[in-house]
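A short worksheet on the structure shown next.
The values are calculated or read from the model by the stated rules, or taken from the named source; none is laboratory data. Fair warning: this is a prediction, and the values are worked out from it, not measured in the lab. Cβ atoms come from the backbone with ideal geometry, glycine included; neighbour counts cover every protein chain shown.
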Amino acid sequence: MQVFVVDSYEEQCAIGADLIEAVVRSQPDCCLGLATGSSPVGIYQELARRFREEGLDFSQVSTVNLDEYVGLAPDHEQSYRYFMDSNLFDHINIDKAHTYVAKGLGDVEKNLEEFRAVLRDSHVALQLLGVGPDGHIAFNEPADELHASAHMEYIDESTIDANARFFASRDEVPRTALTMGIGEIMRAKKLVTIISGSNKAEAARKLLVEDVITPRCPVTLMKAHPDSTVIITKALAEQIGYKG
Ligand code: GLP
(Lines give C-alpha, C1' and ligand atoms only; values in the text may rest on other atoms or scores of the structure.)
Protein backbone atom coordinates (compact mmCIF):
# COMPACT_ATOMS: atom_id res chain seq x y z
CA MET A 1 0.00 0.00 0.00
CA GLN A 2 1.09 3.51 -0.70
CA VAL A 3 0.31 5.84 2.19
CA PHE A 4 0.28 9.63 2.00
CA VAL A 5 0.46 11.46 5.33
CA VAL A 6 -0.34 15.15 4.88
CA ASP A 7 -1.02 18.24 7.00
CA SER A 8 -4.61 19.02 6.17
CA TYR A 9 -7.87 17.85 4.65
CA GLU A 10 -7.25 20.25 1.75
CA GLU A 11 -3.96 18.48 0.98
CA GLN A 12 -5.65 15.10 1.19
CA CYS A 13 -8.17 16.28 -1.38
CA ALA A 14 -5.49 17.73 -3.66
CA ILE A 15 -3.71 14.35 -3.72
CA GLY A 16 -6.98 12.52 -4.31
CA ALA A 17 -7.76 14.89 -7.19
CA ASP A 18 -4.22 14.44 -8.60
CA LEU A 19 -4.67 10.66 -8.68
CA ILE A 20 -8.04 10.96 -10.42
CA GLU A 21 -6.75 13.59 -12.85
CA ALA A 22 -3.82 11.33 -13.82
CA VAL A 23 -6.23 8.54 -14.73
CA VAL A 24 -8.60 10.85 -16.65
CA ARG A 25 -5.74 12.43 -18.63
CA SER A 26 -4.12 9.11 -19.54
CA GLN A 27 -7.43 7.39 -20.33
CA PRO A 28 -10.08 10.01 -21.22
CA ASP A 29 -12.83 7.37 -21.57
CA CYS A 30 -12.07 5.71 -18.23
CA CYS A 31 -14.63 4.50 -15.74
CA LEU A 32 -14.30 6.00 -12.24
CA GLY A 33 -15.75 4.34 -9.16
CA LEU A 34 -17.06 7.09 -6.91
CA ALA A 35 -17.99 7.43 -3.25
CA THR A 36 -20.27 9.58 -1.14
CA GLY A 37 -20.03 10.80 2.47
CA SER A 38 -18.26 13.93 3.66
CA SER A 39 -14.72 12.62 3.03
CA PRO A 40 -14.68 12.94 -0.79
CA VAL A 41 -16.52 16.29 -0.96
CA GLY A 42 -13.29 18.32 -1.11
CA ILE A 43 -11.93 16.08 -3.87
CA TYR A 44 -15.04 16.75 -5.93
CA GLN A 45 -14.73 20.50 -5.36
CA GLU A 46 -11.11 20.36 -6.50
CA LEU A 47 -12.01 18.35 -9.62
CA ALA A 48 -14.73 20.90 -10.45
CA ARG A 49 -12.17 23.70 -10.06
CA ARG A 50 -9.72 21.90 -12.35
CA PHE A 51 -12.52 21.48 -14.91
CA ARG A 52 -13.40 25.22 -14.76
CA GLU A 53 -9.91 26.66 -14.55
CA GLU A 54 -7.64 24.05 -16.12
CA GLY A 55 -9.87 22.38 -18.67
CA LEU A 56 -9.83 18.92 -17.10
CA ASP A 57 -12.16 17.10 -19.47
CA PHE A 58 -14.77 14.60 -18.27
CA SER A 59 -16.76 14.44 -21.51
CA GLN A 60 -15.85 10.81 -22.19
CA VAL A 61 -15.65 9.62 -18.57
CA SER A 62 -18.19 7.20 -17.13
CA THR A 63 -18.78 6.55 -13.44
CA VAL A 64 -20.34 4.01 -11.15
CA ASN A 65 -21.08 4.68 -7.49
CA LEU A 66 -20.49 2.42 -4.52
CA ASP A 67 -23.97 2.45 -3.04
CA GLU A 68 -27.44 3.95 -2.63
CA TYR A 69 -30.01 4.02 0.17
CA VAL A 70 -33.09 1.86 -0.39
CA GLY A 71 -36.28 3.92 -0.35
CA LEU A 72 -34.90 7.31 -1.34
CA ALA A 73 -35.91 8.88 -4.65
CA PRO A 74 -33.10 10.23 -6.85
CA ASP A 75 -34.21 13.79 -6.08
CA HIS A 76 -34.27 13.21 -2.30
CA GLU A 77 -31.62 15.48 -0.82
CA GLN A 78 -29.97 12.60 1.03
CA SER A 79 -29.98 10.13 -1.83
CA TYR A 80 -26.55 9.38 -3.18
CA ARG A 81 -27.72 10.22 -6.73
CA TYR A 82 -28.63 13.71 -5.51
CA PHE A 83 -25.30 13.92 -3.65
CA MET A 84 -23.31 13.07 -6.78
CA ASP A 85 -25.24 15.48 -8.99
CA SER A 86 -25.00 18.38 -6.57
CA ASN A 87 -21.41 17.78 -5.42
CA LEU A 88 -19.80 16.83 -8.72
CA PHE A 89 -21.76 16.03 -11.88
CA ASP A 90 -23.54 19.40 -12.08
CA HIS A 91 -20.15 21.15 -11.95
CA ILE A 92 -18.20 19.28 -14.64
CA ASN A 93 -18.79 18.39 -18.30
CA ILE A 94 -19.70 14.75 -17.70
CA ASP A 95 -22.57 13.17 -19.64
CA LYS A 96 -24.98 12.19 -16.86
CA ALA A 97 -26.24 9.33 -19.00
CA HIS A 98 -22.81 7.80 -18.39
CA THR A 99 -23.05 8.06 -14.60
CA TYR A 100 -24.58 5.19 -12.66
CA VAL A 101 -25.90 5.22 -9.12
CA ALA A 102 -27.96 2.18 -8.10
CA LYS A 103 -31.70 2.79 -7.89
CA GLY A 104 -33.16 3.44 -4.46
CA LEU A 105 -36.78 3.13 -5.52
CA GLY A 106 -38.58 0.19 -7.09
CA ASP A 107 -38.08 -3.55 -6.90
CA VAL A 108 -34.95 -4.30 -4.90
CA GLU A 109 -34.13 -7.54 -6.73
CA LYS A 110 -34.48 -5.89 -10.14
CA ASN A 111 -32.38 -2.96 -9.02
CA LEU A 112 -29.70 -5.33 -7.76
CA GLU A 113 -29.69 -7.26 -11.02
CA GLU A 114 -29.20 -4.02 -12.91
CA PHE A 115 -26.44 -2.87 -10.50
CA ARG A 116 -24.58 -6.19 -10.85
CA ALA A 117 -24.89 -6.08 -14.65
CA VAL A 118 -23.48 -2.54 -14.76
CA LEU A 119 -20.58 -3.65 -12.57
CA ARG A 120 -19.91 -6.69 -14.74
CA ASP A 121 -19.60 -4.39 -17.78
CA SER A 122 -17.53 -1.69 -16.05
CA HIS A 123 -13.76 -1.76 -15.88
CA VAL A 124 -13.19 0.65 -13.04
CA ALA A 125 -9.80 2.33 -13.44
CA LEU A 126 -9.85 3.99 -10.02
CA GLN A 127 -12.20 3.40 -7.10
CA LEU A 128 -12.45 6.18 -4.54
CA LEU A 129 -13.37 5.11 -1.01
CA GLY A 130 -14.20 6.64 2.33
CA VAL A 131 -14.47 4.59 5.49
CA GLY A 132 -17.07 4.42 8.23
CA PRO A 133 -16.06 4.72 11.90
CA ASP A 134 -16.69 0.95 12.22
CA GLY A 135 -14.43 0.24 9.25
CA HIS A 136 -17.20 -0.25 6.69
CA ILE A 137 -16.54 0.51 3.04
CA ALA A 138 -19.44 1.44 0.79
CA PHE A 139 -22.13 -0.18 2.96
CA ASN A 140 -20.24 -3.42 3.62
CA GLU A 141 -20.66 -3.57 7.39
CA PRO A 142 -18.36 -5.59 9.69
CA ALA A 143 -19.43 -9.25 9.77
CA ASP A 144 -18.05 -12.79 9.93
CA GLU A 145 -18.57 -13.08 6.19
CA LEU A 146 -18.65 -10.35 3.55
CA HIS A 147 -20.46 -10.35 0.21
CA ALA A 148 -18.48 -10.60 -3.02
CA SER A 149 -21.20 -8.99 -5.19
CA ALA A 150 -23.70 -6.17 -5.03
CA HIS A 151 -26.37 -6.88 -2.44
CA MET A 152 -28.79 -5.25 -0.03
CA GLU A 153 -27.21 -4.54 3.32
CA TYR A 154 -28.89 -3.88 6.68
CA ILE A 155 -27.16 -0.77 7.94
CA ASP A 156 -25.58 -1.14 11.41
CA GLU A 157 -26.99 0.91 14.28
CA SER A 158 -23.62 2.68 14.67
CA THR A 159 -23.67 3.67 10.98
CA ILE A 160 -27.24 4.93 11.32
CA ASP A 161 -25.96 7.04 14.24
CA ALA A 162 -23.00 8.29 12.18
CA ASN A 163 -25.12 9.18 9.15
CA ALA A 164 -28.04 10.68 11.12
CA ARG A 165 -26.30 14.07 10.97
CA PHE A 166 -27.38 14.41 7.36
CA PHE A 167 -31.08 13.78 8.08
CA ALA A 168 -33.70 15.80 9.96
CA SER A 169 -33.92 12.97 12.51
CA ARG A 170 -32.36 9.55 13.15
CA ASP A 171 -35.68 7.91 12.28
CA GLU A 172 -35.40 9.17 8.72
CA VAL A 173 -32.12 7.36 8.02
CA PRO A 174 -32.93 4.39 5.76
CA ARG A 175 -32.28 1.00 7.37
CA THR A 176 -31.12 -0.72 4.17
CA ALA A 177 -28.93 0.13 1.21
CA LEU A 178 -27.74 -1.40 -2.04
CA THR A 179 -23.97 -1.66 -2.08
CA MET A 180 -21.15 -2.96 -4.21
CA GLY A 181 -19.69 -6.12 -2.76
CA ILE A 182 -16.07 -6.53 -1.76
CA GLY A 183 -15.25 -8.57 -4.88
CA GLU A 184 -16.49 -5.79 -7.14
CA ILE A 185 -14.58 -3.13 -5.21
CA MET A 186 -11.40 -5.22 -5.39
CA ARG A 187 -11.70 -5.57 -9.17
CA ALA A 188 -10.91 -1.87 -9.66
CA LYS A 189 -7.44 -1.33 -11.08
CA LYS A 190 -6.55 1.21 -8.41
CA LEU A 191 -8.05 1.94 -4.98
CA VAL A 192 -7.80 5.32 -3.28
CA THR A 193 -9.03 5.56 0.31
CA ILE A 194 -9.31 8.94 2.03
CA ILE A 195 -9.55 8.85 5.82
CA SER A 196 -10.05 11.93 7.95
CA GLY A 197 -11.49 12.55 11.40
CA SER A 198 -10.55 11.19 14.81
CA ASN A 199 -13.68 8.99 14.84
CA LYS A 200 -11.98 6.86 12.16
CA ALA A 201 -8.95 6.12 14.36
CA GLU A 202 -9.83 2.52 15.17
CA ALA A 203 -10.45 1.65 11.52
CA ALA A 204 -7.27 3.48 10.46
CA ARG A 205 -5.22 1.67 13.12
CA LYS A 206 -6.44 -1.72 11.92
CA LEU A 207 -5.65 -0.73 8.34
CA LEU A 208 -2.27 0.90 8.82
CA VAL A 209 -0.74 -0.24 12.12
CA GLU A 210 -2.03 -3.75 12.82
CA ASP A 211 -0.95 -6.55 10.51
CA VAL A 212 -4.45 -7.96 10.08
CA ILE A 213 -7.04 -8.39 7.37
CA THR A 214 -10.44 -9.04 8.90
CA PRO A 215 -14.07 -8.90 7.73
CA ARG A 216 -14.73 -7.40 11.18
CA CYS A 217 -13.10 -4.24 9.78
CA PRO A 218 -13.79 -4.31 6.02
CA VAL A 219 -11.36 -1.50 5.15
CA THR A 220 -8.49 -3.85 6.09
CA LEU A 221 -9.27 -5.75 2.87
CA MET A 222 -7.71 -2.82 1.02
CA LYS A 223 -4.31 -4.23 2.07
CA ALA A 224 -4.89 -7.20 -0.22
CA HIS A 225 -5.15 -5.05 -3.37
CA PRO A 226 -1.99 -4.69 -5.50
CA ASP A 227 -2.50 -0.95 -6.17
CA SER A 228 -4.02 0.58 -3.05
CA THR A 229 -3.40 4.13 -1.85
CA VAL A 230 -4.45 5.57 1.51
CA ILE A 231 -4.45 9.30 2.28
CA ILE A 232 -4.50 10.36 5.94
CA THR A 233 -3.71 13.46 7.96
CA LYS A 234 -0.69 13.81 10.26
CA ALA A 235 -3.09 14.27 13.17
CA LEU A 236 -4.66 10.88 12.50
CA ALA A 237 -1.26 9.24 11.91
CA GLU A 238 -0.10 10.52 15.31
CA GLN A 239 -3.32 9.43 16.98
CA ILE A 240 -2.90 5.83 15.77
CA GLY A 241 0.88 5.69 16.15
CA TYR A 242 1.50 5.22 12.42
CA LYS A 243 5.20 5.78 11.70
CA GLY A 244 5.25 5.04 7.97
C1 GLP B 1 -21.51 6.17 4.35
C2 GLP B 1 -21.11 5.67 2.98
C3 GLP B 1 -19.66 5.25 2.92
C4 GLP B 1 -18.78 6.34 3.53
C5 GLP B 1 -19.18 6.54 4.98
C6 GLP B 1 -18.30 7.54 5.72
O7 GLP B 1 -21.85 5.16 5.21
N8 GLP B 1 -21.93 4.58 2.56
O9 GLP B 1 -19.28 5.01 1.57
O10 GLP B 1 -17.42 5.99 3.43
O11 GLP B 1 -20.52 7.00 4.97
O12 GLP B 1 -18.72 8.82 5.45
P13 GLP B 1 -17.99 10.14 5.91
O14 GLP B 1 -16.94 10.37 4.90
O15 GLP B 1 -19.06 11.18 5.89
O16 GLP B 1 -17.45 9.91 7.27
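Couple of notes before you dig in:
- Residues of region 13-31 classified as more than 15 Å from the ligand (Cβ to nearest atom) and either among the polar types (S, T, N, Q) or touching a strand residue (DSSP E or B) at 6+ places or on another chain (Cβ under 7 Å) (or both), total: 8
- Taken residue by residue, region 166-175 has at least one member that is of a type in the set (A, V, I, L, M, F, W, C), touching a helix residue (DSSP H, G or I) at 6+ places or on another chain (Cβ under 9 Å), over 24 Å from Met1 (Cβ atoms) and modelled with pLDDT of 95 or more.
- Taken over region 176-206, residues that are away from the ligand (no atom under 12 Å from the Cβ) and without any contact (Cβ under 8 Å) to a residue 60 or more places away in the chain amount to 6.
- Only residues that are within 12 Å of the ligand (Cβ to nearest atom), in contact with a Gly (Cβ under 7 Å, 6 or more places away or on another chain) and of a type in the set (Ser, Thr, Tyr) were counted in region 125-171, giving 1.
- Number of the exception - Gly197 against (1) out of contact with any Ser or Thr (no Cβ under 6 Å at 6 or more places or on another chain); (2) closer than 19 Å to Cys13 by Cα; (3) modelled with pLDDT of 95 or more: (3)
- Taken over region 207-244, the residue count meeting the criterion of being polar (S, T, N, Q) and part of a loop (DSSP other than H, G, I, E, B) is 1.
- All of (1) more than 26 Å from Ser169 (Cα to Cα); (2) buried (at least 23 other Cβ atoms within 10 Å of the Cβ) hold for Arg81 with one exception: (1).
- Within region 215-231, restricting attention to residues that are out of contact with any helix residue (DSSP H, G or I) (no Cβ under 6 Å at 6 or more places or on another chain) and under 16 Å from Glu11 (Cβ atoms), the residue that is surrounded by the most Cβ atoms within 10 Å (Cβ to Cβ) is Val230.
- Cβ-Cβ under 6 Å pairs, at least 6 apart or on other chains, region 56-67 side closer than 17 Å to Arg81 by Cα, far side within 13 Å of the ligand (Cβ to nearest atom) and assigned to a strand (DSSP E or B): Thr63/Leu34; Val64/Gly33; Asn65/Leu34; Asp67/Ala177; Asp67/Thr179
- Selection from region 19-56 of residues that are of a type in the set (Ser, Thr, Tyr), surrounded by fewer than 19 Cβ atoms within 10 Å (Cβ to Cβ) and not in a helix (DSSP H, G or I): Ser38
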